[in-house]
1. Just to confirm a number: summing +1 for Lys and Arg and -1 for Asp and Glu over residues other than B:ALA105 whose beta-carbon lies under 10 angstrom from that of B:ALA105, what do you get?
2. If you bin the C-alpha pair distances of segment B:48-128 every 10 Å from 0, what whole percents do you get?
3. If contacts are Cα pairs under 8 angstrom and at least 6 residues apart, what is the relative contact order of segment A:23-147 in percent?
4. In which sequence would A:TRP18, A:TRP47 go, from the one with the fewest C-beta neighbours within 10 Å to the one with the most?
5. Tell me the relative contact order for chain B as a rounded percent, counting alpha carbon contacts under 8 Å between residues six or more apart.
6. Could you check which residue among B:GLN55, B:GLN94, B:GLN64 shows the biggest mean-square fluctuation in a GNM of chain B with a 10 Å Cα cutoff?
7. Taking the Cα centre of the protein assembly as shown as origin and charging only Cβ (+1 Lys, Arg; -1 Asp, Glu), how large is the dipole, in debye to the nearest 20?
8. From the phi of every residue in segment A:89-103, what ³J(HN,Hα) in whole Hz does the Karplus formula 6.51 cos²θ - 1.76 cosθ + 1.60 yield, where θ is phi - 60° and glycine or proline is x?
Amino acid sequence: MEKGTIMKILSIELDANWRSTLGVIEVPLHKVSETEAISKKQPAVHWYAMELTPDTELQRTDPNYPFSGGTFEAHNGDVPHFNMQLTGYLDSTLQDGSTARYAPGDLHYQRAMALHHSHLRSPVVNRHLLVSVPGSPTDPSPLKVIG
Amino acid sequence: MKIPSLNTDAKGDSYFTEVESAAPGSTFVGPGGPGIRYIDAECWQIWEMQAGHFQDFKPNHAPQCLAIMAGKLAVTASVGETRSFARGDMLLLQDLHGKGHALRAYGVEPCTVFLLTMKQIMAPAYSD
């Protein structure tokens with residue numbers, strides 16, 4: 001297949017001190033025809049859909065922020081996986097201080113061991129598609145993309 | 001949460017139905033918690049179609065789950081029904097034989113799809 005464009009996907013990565021930071025994964029697309037391109041097959045383990053009710057419309061800095069664990073709560077995502085926002089939106093804060101908002105259609109990759117805080121500020125139900133890829137919850141290796 | 005699914009009937013026609021993504025009445029409590037329906041996957045791909053791309057009727061080679069990242073996609077079943085999908089929508093292509101379905105990407109931007117190939121057809125109801 002002829003080489004086409006590069007698709008860029010946001011990812012939660014780790015810096016040299018294992019602090020979470022926003023990164024980008026590049027996925028090469030190969031031309032199938034003048035109007036179609038596709039990446040090579042990349043291994044996956046399983047997928048599932050989940051639904052989460054909105055938690056609060058308060059900002060994280062609000063003293064009444066009710067999220068369990070509080071303003072500075074952070075968790076990792078267990079096994080390495082992709083998270084695609086289907087409905088609602090999610091503010092994800094990382095240890096580098098950045099916050100990224102994910103809206104319907106947005107896809108991001110979550111590396112194992114990368115801590116983040118998830119704020120479901122959306123007034124509507126959050127629906128997500130999660131896709132696990134090979135790897136363990138304690139292996140912080142970056143995603144290998146077959147080009 | 002119900003996901004649209006394109007399946008094949010006994011006459012070889014494709015038609016839209018729905019599959020349930022979780023156990024009926026359950027609420028999500030965390031990874032591995034009740035209600036989650038894990039579907040074995042073989043691989044993921046990114047698939048991009050320019051607006052105007054058309055694929056004529058043919059069955060799918062394997063059961064696949066599509067999640068639309070950008071653009072718009074119209075899928076036509078052989079019984080005549082056409083459904084449109086856009087950002088954040090999911091659908092299953094599970095018509096592995098018979099007349100198949102047609103696809104058309106439309107709108108003003110490329111249609112980008114997060115494409116998952118599954119190991120087996122996803123049954124309509126949760127049965128674990």
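1. That works out to -1.
2. Taking all Cα pairs of segment B:48-128, the binned fractions are 19, 50, 28, 4, 0 percent.
3. Result for segment A:23-147 is 34 percent.
4. Fewest-to-most ranking of A:TRP18, A:TRP47: A:TRP18, A:TRP47.
5. After rounding, I find 36 percent.
6. B:GLN55
7. Dipole of the protein assembly as shown, to the nearest 20 debye: 400 debye.
8. Using θ = phi - 60°, the values come out as 9, 9, 9, 10, 9, 10, 6, 7, x, 7, 10, 10, 9, 10, 10 Hz.
No value in this document is a laboratory result; all are computed from the given coordinates. Please read all numbers here as calculations on a predicted model, not as lab measurements. FYI the Cβ positions are ideal-geometry reconstructions off the backbone, even for glycines, and counts take in every protein chain you see.
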